[in-house]
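Participant: A single structure is presented below for examination.
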Amino acid sequence: MDSTIAKRVTVDPDPFAAFRISQGFRIGNLILLSGQVGMDEQGNAVGIDDFDAQADQAMRNIERVLRAAGSGVDKIVKVTIYVTDMRFRPNVIALRGRWFREPWPADTLVGVAQLGRPERLIEIEAIALAEGRLEA
């Protein structure tokens with residue numbers, strides 16, 4: 001794919017459409033995703049007051065969007081994880097173990113006062129390869 005063209009990644013249904021947000025873009029061999037949260041395909045909140053349920057739903061959403069782009073979680077090279085409370089740090093480490101394998105993606109963990117809605121405890125952005133694989 002031409003590295004000067006950003007091709008929009010879409011899913012159906014798209015819970016982001018009403019908010020005028022794209023799920024992500026493929027630029028050359030990279031896929032850049034919008035932040036994903038504990039929200040199902042219809043836009044309903046998942047895991048109210050349950051950090052791990054929200055985190056796993058965010059990762060399932062990432063997996064869904066990457067599949068739509070022809071990629072997968074195993075091709076993620078970078079994540080940025082936003083949490084509303086750093087006490088969830090051990091949960092984030094466990095999440096990494098459930099969803100990723102070595103070589104681990106590059107990762108930034110950021111504590112924030114609030115996310116897009118008050119019930120959200122975590123949001124995850126990802127950058128992945130469209131083709132190829134990660135090597136140690």
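Participant: Quick check on the range 127-136: of everything there that is in contact with a helix residue (DSSP H, G or I) (Cβ under 9 Å, 6 or more places away or on another chain) and in a strand (DSSP E or B), which residue is surrounded by the fewest Cβ atoms within 10 Å (Cβ to Cβ)?
Facilitator: Per the criteria, the residue is Leu129.
Participant: Follow-up question, since we're still on this one. For the range 4-22, enumerate the residues that are in contact with a Lys or Arg (Cβ under 8 Å, 6 or more places away or on another chain) and under 23 Å from Ile81 (Cβ atoms).
Facilitator: Val9, Val11, Ser22
Participant: Hey, another quick one. Please enumerate the residues belonging to the range 26-46 that are buried (at least 18 other Cβ atoms within 10 Å of the Cβ) and either in contact with a Cys (Cβ under 7 Å, 6 or more places away or on another chain) or at pLDDT below 95 (or both).
Facilitator: Passing the criteria: none in range.
Participant: Restricted to the range 93-126, and to residues that are of a type in the set (A, V, I, L, M) and over 17 Å from Arg60 (Cβ atoms), which residue is surrounded by the most Cβ atoms within 10 Å (Cβ to Cβ)?
Facilitator: Within the range 93-126, the subset of a type in the set (A, V, I, L, M) is 93-95, 106, 109-110, 112-113, 115, 121-122, 124, 126.
Next, only the ones that are over 17 Å from Arg60 (Cβ atoms) stay: 93, 106, 109-110, 112-113, 115.
Details: Ile93: 10, Ala106: 11, Leu109: 15, Val110: 11, Val112: 12, Ala113: 5, Leu115: 18.
Result: Leu115.
Participant: Note down all Cβ pairs under 9 Å where the first residue falls in the range 107-125 and is closer than 22 Å to Ile21 by Cα, the second is among the acidic types (Asp, Glu), and they're at least six residues apart or on different chains.
Facilitator: Taking only residues 6 or more apart or on different chains, the pairs are Val112/Glu123; Leu115/Glu123; Gly116/Glu123; Glu119/Asp49; Leu121/Asp49; Leu121/Asp50; Leu121/Asp85.
Participant: Another one. Identify, please: which residue in the range 90-114 is under 14 Å from the mean Cα position of the chain (by Cα) and assigned to a loop (DSSP other than H, G, I, E, B) and is, among those, farthest from Gly47 (Cα to Cα)?
Facilitator: Pro105
The values are calculated or read from the model by the stated rules, or taken from the named source; none is laboratory data. Since this is a predicted model, take the numbers as computed values, not measurements. All Cβ positions, glycine included, derive from the backbone under ideal geometry; neighbour counts span all protein chains shown.
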